[in-house]
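The values are calculated or read from the model by the stated rules, or taken from the named source; none is laboratory data. Owing to the predicted nature of the structure, the values given are computational and were not obtained by experimental measurement. Backbone-built Cβ (ideal geometry, glycine too); neighbour counts: all protein chains shown. Ligands, DNA and RNA are stripped out before the accessible areas are found, and what is left, the full protein with its side chains, is counted by its heavy atoms. Shrake-Rupley method; radii C 1.70, N 1.55, O 1.52, S 1.80 Å.
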Amino acid sequence: MNKTIDLTQTVYQLTETFPELIDILASLGFTEITKKAVRLSVGKLMTLQRGADLRGIDMDSIVGTLEANGFTVVGYIGKTAGQPTATPASPATDATQQIKALLRRINEGEAMESVRADFVRQFRDVPANDIMRAEQELISEGQPVSEVKKLCDVHSALFHDKTDNDGSHHDLHHGLHHDQEEMMVGQAMENRDRTVELRMTTGHPLQTFYRENDAIVAALGKIAHALDGDGDVAAALGDTATLAVHYAKKGDLIYPLLKTRHGIYGPSQVMWTIDDEIRADFSTLLRQSADNAQDDGWKSRVKDLIVRAREMTFKENSILFPVCTANFTDEEWRQIYVDGKAYETCLGVESETWAEGEELLAKEKNQSSPVADNITDELHVNMPGGSLTLTQLTALLDTLPLEVTFVDEGNINRYFNQPFSEKAFKRPLAALGREVFSCHPPKIEPMVRAIIVDLRSGKRDSVSVWMEKNHRATLVTYHAVRDAQGRYVGTMETVQDMEEARKHFRKSMSSEQ
């Protein structure tokens with residue numbers, strides 16, 4: 001076998017071609033290279049030379065070790081006469097530096113349109129994966145997410161430009177044509193063929209996500225037409241309310257998976273934040289619609305929301321979904337299909353049946369229904385208060401008028417009950433085994449961390465949070481779980497629908513007056 005290593009390739013490319021390099025490079029000081037997530041994320045950004053520079057590892061020693069292991073090394077000039085090694089910078093590194101320069105210009109107050117124009121010029125031929133990973137590198141270097149988020153709104157300039165070969169500008173009151181979306185994906189992503197293949201697969205989750213975006217664009221167009229006097233704006237907003245389901249699925253099924261399994265945390269920190277802002281603004285404007293439908297200021301805010309929501313469909317179709325295609329395994333897509341069944345439909349888009357996903361669904365249903373031929377043969381769980389079979393214990397927990405989540409002492413999700421009533425908060429089974437913090441949006445994560453710190457330390461035994469969820473009074477309580485010796489073993493979260501209690505006490509108070 002030809003064992004020639006080209007050092008102008010990325011670490012990911014090298015280790016994919018020669019897996020034995022993983023152990024060799026780990027022994028030289030690249031300890032993180034043994035982690036698949038690191039190779040799939042940072043490894044796709046870094047050349048070996050760049051990694052050596054960052055870690056202070058002598059490149060000549062690396063080359064010597066590789067040659068001693070039978071490799072022929074090319075693409076390395078070496079150090080002569082005290083000069084630094086001349087290795088071409090990777091495309092991602094160049095992209096990072098250019099993006100940093102753009103971010104500085106935004107922070108210094110330069111007009112956004114000017115920065116957009118340069119973004120289009122500089123990144124026209126740069127794969128969207130490189131752009132996203134460069135932003136991720138900025139975050140890993142300590143750049144505040146709030147600053148990097150500003151660049152997310154610049155992204156779409158590139159993709160808008162690529163859908164307008166004649167130089168004309170699309171009127172934001174009109175939806176996008178299907179072939180234009182296809183062209184954006186085809187030009188922007190290296191894995192376009194695979195993306196198109198999955199998008200055309202009947203019932204595949206990716207197909208459903210794209211169909212939902214088509215419906216979102218159409219619904220936003222109706223709101224825009226209503227603002228122009230062609231319809232009822234409040235009614236159009238109300239008809240678009242289930243747009244929130246699409247964002248909820250991304251937050252539960254996509255962002256945490258990219259972050260925890262594949263080391264791609266940029267979307268979870270940037271796009272997730274924007275998703276939450278759009279959802280919050282939408283709810284606020286819908287609530288205010290009855291009294292403000294004729295107010296110019298309110299209409300202006302609605303127009304801004306339409307722009308942001310439509311831009312997000314561009315970013316998903318052109319960046320997020322193809323990145324998922326490049327990284328998610330078939331098994332992960334099947335789990336997304338199964339977990340996605342727990343959600344309501346978004347704007348009437350029904351998910352079609354996907355045979356591969358149905359196989360996993362049937363398997364999970366069988367596993368969730370432990371039945372023995374003889375009740376005496378089934379596993380018994382012995383507790384101080386009695387003994388239950390696994391079937392009895394499962395049914396008992398699922399019958400509780402509560403949603404129950406248990407997070408162990410290592411902050412890992414270990415258990416969700418499956419109540420027979422509709423859940424207020426979706427709990428995808430794919431989240432089991434993941435760190436609990438990855439399941440929360442960036443703005444909520446600090447609060448969750450603080451609560452668990454207090455419960456673990458004994459500062460508090462429980463924390464209650466009252467909220468309106470799906471227009472119903474809801475009580476969420478976090479409980480410290482301790483063993484008989486008082487040692488912390490985890491946190492239990494309970495979610496209880498309190499709407500009937502609210503109605504009861506309102507009725508009681510009214511009758512007393």
| field | Residues whose placed amide H lies under 5 Å from that of K423, excluding near-sequence neighbours | value | none
| Between K469 and L360, how many nm apart are label points set 7 Å from Cα along the C-beta direction? | 2.5 nm
| query | Residue-wise, which Karplus ³J(HN,Hα) couplings in Hz belong to the stretch 350-362, taking 6.51 cos²θ - 1.76 cosθ + 1.60, θ = phi - 60°, and x for glycine or proline? | reply | 7, 6, 7, 6, 10, 4, 5, x, 5, 4, 5, 4, 5
| Karplus-derived HN-Hα couplings along the stretch 496-510 (A = 6.51, B = -1.76, C = 1.60, θ = phi - 60°), whole Hz, x at Gly and Pro | 10, 6, 10, 5, 5, 5, 4, 4, 4, 6, 5, 5, 5, 5, 5
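What's the magnitude of the charge dipole for the stretch 258-410 around its Cα centre, counting Lys and Arg as +1 and Asp and Glu as -1 at the beta-carbon? Answer in Debye, nearest 20. Write out the running numbers ahead of the final one.
On the way: 14 positive and 28 negative charges, 129 e Å.
Dipole size: approximately 620 debye.
So if R0 is 25 Å, what FRET efficiency would K303 and E110 give, r being the distance between their Cβ atoms, rounded to the nearest 0.05? Each step should come with its number before you reach the end.
Working: r = 24 Å, r/R0 = 0.95.
So the FRET efficiency works out to roughly 0.55.
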| field | For the stretch 288-299, Karplus couplings with θ = phi - 60° (6.51, -1.76, 1.60), whole Hz, Gly/Pro x | value | 8, 4, 4, 9, 10, 4, 9, 7, 5, x, 5, 4
| request: Using amide H atoms built 1.01 Å from N in the peptide plane, name the residues 5+ places from D6, or on other chains, whose amide H lies under 5 Å from its own. | output: V74
| note | Residues whose modelled amide H sits under 5 Å from the amide H of F71, counting only those 5 or more places away in sequence or on another chain, are none
| note | Whole-Å distance linking the alpha carbon centroid of the stretch 295-331 with that of the stretch 441-504 is 32 Å
| query | Got a number for the accessible area of E67? Probe 1.4 Å, square angstrom, nearest 10. | reply | 100 Å²
